[in-house]
Amino acid sequence: MTLTQREKLIVGLLLLVTTGAFSIYAPKEIPWRLRLSALAAFAFFFWPTLLLGTTEGREKLVAFVHRGDVFRRANVFELAFALTALVALSALALGQFRWEAVGVGATYLLIPMAALVLRRPNQDGLTLQDALAIVALWFPIEFEWLPLAELPKRPGIGLDKLIGVLWLLVLFLGVRRLEGVGYTFLLGRADVARAGLYFALFVTFFAIPLAIPTHFVASSPAMRPLSEIGLALLGTAFLIALPEELLFRGVLLNLLIRRWRAHPVRALAIASFIFGLAHANNPEEPTWVYIVLATIAGWFYGLAYMKTGKVTVAALLHWMVNSYWGIFFHR
């Protein structure tokens, strides 16, 4: 089996597993029409995210946006229009349609797109336009400014999260053609071993010594049901770990390293600190402990990314850390 075939097989299995899990996640009391609509919306917005994890998927995206050295802006506008239309149709099918949400969703897509379209193509590292695009993609989701539909109903999987990750990939892989993101699901034993090593170091020497004495977490009195654990692990992997690593390591750290090629540690420190501050608005107390822990964790996630060149290794490590806390501890 070639690497390309193996890559397609892995992504195909991930599509089956995640879609199957989502169909189980939808509450049984919801009418079948809404369940089917939610499943269709999930496929529309989540499947392309996974398919872009293949070489063929990324090549097709770049070919659609660029013809050689010619940047086809009209095609990017077509993608934005298509996503806006899908958001509207999904909300309509789910009984959550609002014109305000359609307008806000369209604006959310157009602002970061405009920032990258206006970027000077000969600039490699982080630019003001890159920073604007990152903030425009990140903040509306972080602070829940997008009144988009929920799948299948509140509290559910927000369309804002799904569309945000997909648009991040379209803009930085397709429009900007950012290299070195390392978005691949082809992980070897050495990749998994490195993630395991960094997990052990972080938990043993930083997480437990800081979290337990400050009462940030405590041991869970009982294990969660296995059915809940399985869905929680998948949700952590694809709705938290992978999206955050694509943003903070695959894009932000990647661009910072390109800006300061001679000082990669500086880039790693800045990206880790920003990642820590991103957790300041979370409700867990004490907040300073969360920021410190997230900053240190971000350092290890960044190391995993830099050492392997694969953002998915950082996502695997991130998943290990979050899953460990979620299963064995409570806040």
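The values are calculated or read from the model by the stated rules, or taken from the named source; none is laboratory data. Source: prediction; values computed, not measured. Here the Cβ is made from the backbone with ideal geometry for all residues, glycine too, and neighbour counts use every protein chain on show.
Points to keep in mind about this one:
- Among residues of the range 77-101 that are over 15 Å from GLY164 (Cα atoms), those with a beta-carbon under 6 Å from a residue that is outside any helix (DSSP H, G or I) at least six positions away or on a different chain give the pairs SER90/ALA149; ALA91/PHE97; ALA91/ALA149; LEU94/ALA149; GLN96/ALA149.
- Candidates LEU132, LEU116, LEU146 - the one that is surrounded by fewer than 18 Cβ atoms within 10 Å (Cβ to Cβ), among the hydrophobic types (A, V, I, L, M, F, W, C) and in contact (Cβ under 8 Å) with a residue 12 or more places away in the chain: LEU132
- The helices (runs of 4 or more DSSP H) found wholly in the range 214-331 include none carrying at least 1 residues that are within 26 Å of ARG189 (Cβ to Cβ), in contact with a His (Cβ under 6 Å, 6 or more places away or on another chain) and assigned by TED's automatic domain parsing to the domain that holds TRP47.
- Residue in the range 88-106 that is under 29 Å from LYS310 (Cβ atoms) and either crowded, with 20+ Cβ neighbours inside 10 Å or at pLDDT below 95 (or both) present: no
- Residues in the range 22-64 that are of a type in the set (Gly, Ala, Ser) and surrounded by 14 or more Cβ atoms within 10 Å (Cβ to Cβ): ALA26, SER37, ALA38, ALA40, ALA41, ALA43, GLY53, GLY57.
- ARG67 vs. criteria surrounded by fewer than 19 Cβ atoms within 10 Å (Cβ to Cβ), over 20 Å from GLY230 (Cβ atoms) and assigned by TED's automatic domain parsing to the domain that holds ALA149: yes
- Candidate set from the range 5-21 (those that are in contact (Cβ under 8 Å) with a residue 12 or more places away in the chain and closer than 12 Å to PHE185 by Cα); member that is surrounded by the most Cβ atoms within 10 Å (Cβ to Cβ): VAL11
Each row is one residue, and each column tells you yes or no for (1) among the polar types (S, T, N, Q); (2) farther than 23 Å from VAL135 by Cβ.
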residue: ALA271; (1), (2): no, no
residue: GLU285; (1), (2): no, yes
residue: VAL289; (1), (2): no, yes
residue: THR295; (1), (2): yes, no
residue: GLY302; (1), (2): no, no
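- Matching residues, the range 161-197, being free of Cβ contacts under 8 Å to residues at least 40 places away in the same chain, more than 16 Å from GLU59 (Cβ to Cβ) and not small (Gly, Ala, Ser): ARG189, LEU197
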